[in-house]
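What follows is one structure encoded as structure tokens, with my remarks underneath.
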Amino acid sequence: MYGMVNKAIQDLVTIKFGEDKWEAVKRKAGVEIDSFVSNDSYPDSLTYGLVGAATEVLGLSADQILFAFGEFWVLHTAKLGYGDLLSSAGRNLGEFLDYLPSFHVRVQLIFPNLKPPRFETSDRLPEQITMHYFSHRHGLSMFVLGLFSGVAKMYDTPATTTQTKFKDKGDDHDEFIVRWGDAMKV
Ligand code: HEM
């Protein structure tokens, strides 16, 4: 993955837990790189290794770290580095999610070697949408839940997301239903 992903993990650990913990995570993961270059590509195994090491150093589960990383990615990394791109993707949560299937096409203009996720939408109601997530990577559904949570917070819109299909339990992709407003009461 692009270095900006590893750099974002570094920022998350450093800001929330301190520099010492980040150095410990790197040591445990056997990573000797001092600073990641955002526009360089690194093996996915390095990113998974950092998450694995962070679970041990911070005493959190991989799910907890991936969820926190999803929120941080939207509310910190994307907002600071790509605020215009993010805010032009929708005026509210619903519009943003409607547009998400096309979003990484624009990201790909900045990062040409991107191996982006694929999102599809269905069953759109005024305050509800079903999001289908396809990826050639594994184990990232909690990251996606964190991303949706971060996007809802970005729009100050309380929302709930329920996962309804699980790739790691044999479904062909992950599926999530996002509800906000009155749809949350159902
Ligand atoms: C300006 C904002 C964003 C930028 C610059 C961005 C960029 C990236 C980059 C560089 C990667 C790593 C993939 C690679 O290097 O091959 C990635 C992966 C990913 N992005 Fe985004 N992204 C943004 C926003 C979002 C949002 C809002 C979502 C969903 C709500 C999202 C969902 C994902 C997922 C799930 C992955 C994991 C890759 C996979 O599933 O295979 N991204 N993105």
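The values are calculated or read from the model by the stated rules, or taken from the named source; none is laboratory data. Predicted model, so just to flag it, every value in this text is computed and none were measured. So basically every Cβ, Gly included, is an ideal-geometry build from the backbone, and we count neighbours across all protein chains shown.
In the range 110-119, the count of residues that are farther than 28 Å from Asp40 by Cβ and either within 12 Å of the ligand (Cβ to nearest atom) or loosely packed, with under 15 Cβ neighbours inside 10 Å (or both) is zero.
The listed residues are Gly70, Gly81, Gly94, and the only one of them that is in contact (Cβ under 8 Å) with a residue 24 or more places away in the chain, within 10 Å of the ligand (Cβ to nearest atom) and surrounded by 15 or more Cβ atoms within 10 Å (Cβ to Cβ) turns out to be Gly70. For the range 131-152, the set of residues classified as out of contact with any His (no Cβ under 9 Å at 6 or more places or on another chain) and aromatic (Phe, Trp, Tyr) consists of Phe143, Phe148, listed by residue number.
Checking each residue in the range 32-57 for being more than 16 Å from the ligand (Cβ to nearest atom) and not in a loop (DSSP other than H, G, I, E, B) picks out Gly52, Ala53, Ala54, Thr55, Glu56, Val57. For the range 147-174: of the residues being assigned to a strand (DSSP E or B) and within 24 Å of Lys79 (Cβ to Cβ), which is nearest to the chain's Cα centre (by Cα)? This residue is Thr161. Asp40 meets all of the listed conditions (1) touching a strand residue (DSSP E or B) at 6+ places or on another chain (Cβ under 9 Å); (2) surrounded by 15 or more Cβ atoms within 10 Å (Cβ to Cβ); (3) in contact (Cβ under 8 Å) with a residue 24 or more places away in the chain but one, namely (2). Kindly establish whether Leu60 is surrounded by 18 or more Cβ atoms within 10 Å (Cβ to Cβ) and either in the same structural domain as Phe111 (by TED's automatic domain parsing) or on the phi < 0 side of the Ramachandran plot (or both). Criteria not met by Leu60. The sole residue among Leu75, Leu109, Leu60 that is in a helix (DSSP H, G or I) and without any contact (Cβ under 8 Å) to a residue 12 or more places away in the chain is Leu109.
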